[in-house]
1. If I fit a long axis through the Cα atoms of helix A:272-286 and take the longest principal axis of the Cα atoms of chain A, what angle between them do I get, 0 to 90°, rounded to 10?
2. When you look at the Cβ of every residue in A:288-294, what mean number of other chain Cβ atoms sits within 10 Å?
3. If one computes the Cα centroid of region A:459-519 and of region B:24-50, what distance in Å separates the two points?
4. Helix A:459-485 versus the longest principal axis of chain A: what angle, 0 to 90°, nearest 10, using Cα atoms?
5. For A:108, A:324, which order do you get if you count the other beta carbons within 10 Å of each Cβ and list the fewest first?
6. Mind giving me the FRET efficiency for residue A:302 and residue B:148? R0 is 45 Å, r the Cβ-Cβ distance, nearest 0.05 is fine.
7. How high is the relative contact order of region B:20-196? Use alpha-carbon pairs under 8 Å, at least six apart in sequence, and give a whole percent.
8. Could you tell me the relative contact order of chain A? Use alpha-carbon pairs under 8 Å, at least six residues apart, and round to a whole percent.
């Protein structure tokens with residue numbers, strides 16, 4: 001089997017100038033780059049910083065459940081909304097896009113991203129939007145702001161962020177569809193690439209609807225009654241962080257976990273087609289922009305919504321079974337990516353199973369927790385969502401974080417040229433699992449307080465535990481960053497020695513252009529075919 | 001046979017890939033469509049709720065003429081046929097007819113913008129109502145999509161004039177046509193949902 005075919009000399013020479021512009025060096029190389037690895041690194045670095053900020057804010061707003069008065073009264077709701085929006089739009093989605101921008105072209109044997117300049121523009125648009133978002137909050141904006149200009153700035157910033165993410169998603173998905181190496185049919189695409197096709201499609205279809213919501217609110221603010229739609233702005237946006245939509249942040253994790261577990265088990269992923277269908281089904285079941293309770297009051301009790309939310313369990317269980325099967329039939333090296341991937345499996349199973357009761361009307365988990373008397377402004381946040389749904393969102397984010405951490409550790413040689421520090425990587429994975437569960441599960445228990453009085457009585461303990469979980473997540477994210485930065489350098493193509501797909505057949509980190517010769521494959525795991533390293 | 005474990009410096013040549021513009025445009029068209037469909041869905045949900053409660057949707061004294069929106073529909077349908085003519089013409093390397101078709105498509109797009117401007121002036125709907133906010137948002141978002149499609153077509157036509165497209169490789173024109181068709185289909189939906197059924 002030939003993984004690489006040598007390109008004719010004349011063709012390689014004539015076109016290499018297009019792929020390899022002269023290095024400008026210094027900041028110009030970063031700010032002006034259209035190289036997919038540079039853009040991906042920028043996304044990864046910035047989103048990790050925003051992730052730390054988002055969970056610091058999460059700890060703060062959760063502590064308000066105790067009436068701790070850590071925040072000024074008019075800041076509580078803003079901290080809540082900023083934290084929730086940041087986890088999805090400034091942290092997990094851009095982090096996955098950043099990883100994909102580095103890894104997907106390498107996995108499919110491409111030299112660059114489709115619309116590379118568009119990808120660069122997406123990053124700067126997103127970053128500028130993020131800066132404006134923070135500026136709008138700082139100047140009395142946000143969904144409950146009182147300064148009309150700052151509120152308009154908030155919606156402009158959010159639209160900029162969404163525009164950037166949609167553009168980046170188009171770039172990654174188009175790359176995966178059109179730039180695959182010879183012989184790599186869609187069914188032979190690596191599972192992480194496949195999961196990014198599904199994720200990007202879901203993001204394009206969902207986030208564009210949110211842009212429509214923002215335009216509607218803005219038109220009402222500027223030209224309408226300014227209260228027809230703006231009196232309850234947050235519920236018009238909140239559908240993004242409610243079941244099942246919030247699980248869009250977990251889709252890339254499904255591919256990342258698949259690859260890390262199978263690679264470190266030294267086996268081909270069994271029932272590959274079934275796994276791909278399961279990832280696609282999971283993606284389809286997360287797309288629910290129609291479930292806007294702000295406009296269709298009983299939507300979350302409608303059979304379609306209930307069924308869609310419950311069906312999410314099926315592909316998740318199929319995937320978990322597939323990963324466990326890989327562990328059982330292979331000889332697993334419990335390196336940090338594999339261990340973090342297995343933690344992600346645990347988080348996925350817990351998240352989908354515990355999110356299911358949300359749709360059962362009799363449990364009142366969609367209702368505001370009225371037994372909490374001292375919530376103050378935090379009570380406003382329960383319009384459009386509930387404390388139980390905050391817990392579900394935290395668990396979905398935990399799956400996304402663990403998948404991203406596994407991917408960052410696994411592909412660290414390709415991202416930074418350094419193989420992640422294994423011990424610290426394992427600790428980071430553990431912190432993210434424990435922290436994520438500790439942040440989310442107590443909120444579920446508080447949410448059950450409407451039905452179970454003892455849980456309502458113990459809500460203070462749960463809020464403290466949840467804040468502690470958010471703090472652990474912050475430490476976990478910092479540990480991931482240190483594991484990446486403090487790793488030892490390597491230029492070995494297959495730095496972990498377990499590679500199965502094309503990215504492990506080129507240098508670490510890859511040079512501009514990625515591959516000296518045009519790769520071609522005739523299986524989904526070309527390196528396993530070549531080296532026969534299977535367990 | 002051997003796996004090529006590559007040295008770090010070797011640059012690779014980009015390969016001319018087909019359908020990049022077409023696939024990318026399909027995603028962009030889907031995003032644009034979903035943005036508008038989302039607001040249209042809210043319009044229909046709000047209207048349905050009011051009607052189900054026994055109320056009337058449009059405030060008393062509202063006038064939403066049908067003539068201009070219907071003319072806009074047929075103008076856009078003609079433009080859709082014209083932009084497909086451009087795709088067909090470039091597929092036969094008939095550059096004169098390609099330019100003619102693109103130019104006429106652009107002209108009909110401009111006519112539609114003009115028509116909708118006239119329509120907004122004729123329409124009598126109090127601005128400070130949720131009905132007006134929704135109607136202006138839906139139709140305004142579609143106008144923005146039309147302007148985006150016209151810009152896309154203009155860029156592609158400059159590239160065509162530069163000799164970029166051939167009968168074997170005319171993805172750019174096909175992609176612009178795909179975006180145009182999506183925009184026209186969306187207008188047909190808006191026409192039925194808002195202007196006809198009111």
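The numbers here are math on the coordinates, done by the rules we state, and not lab data. From a predicted model like this one, the values you see are computed outputs, not experimental measurements. Here the Cβ is made from the backbone with ideal geometry for all residues, glycine too, and neighbour counts use every protein chain on show.
1. 30 degrees
2. 2
3. 38 Å
4. 20 degrees
5. Least crowded to most crowded, the residues run A:324, A:108.
6. Working from the Cβ atoms, E equals 0.85.
7. 38 percent
8. 20 percent.
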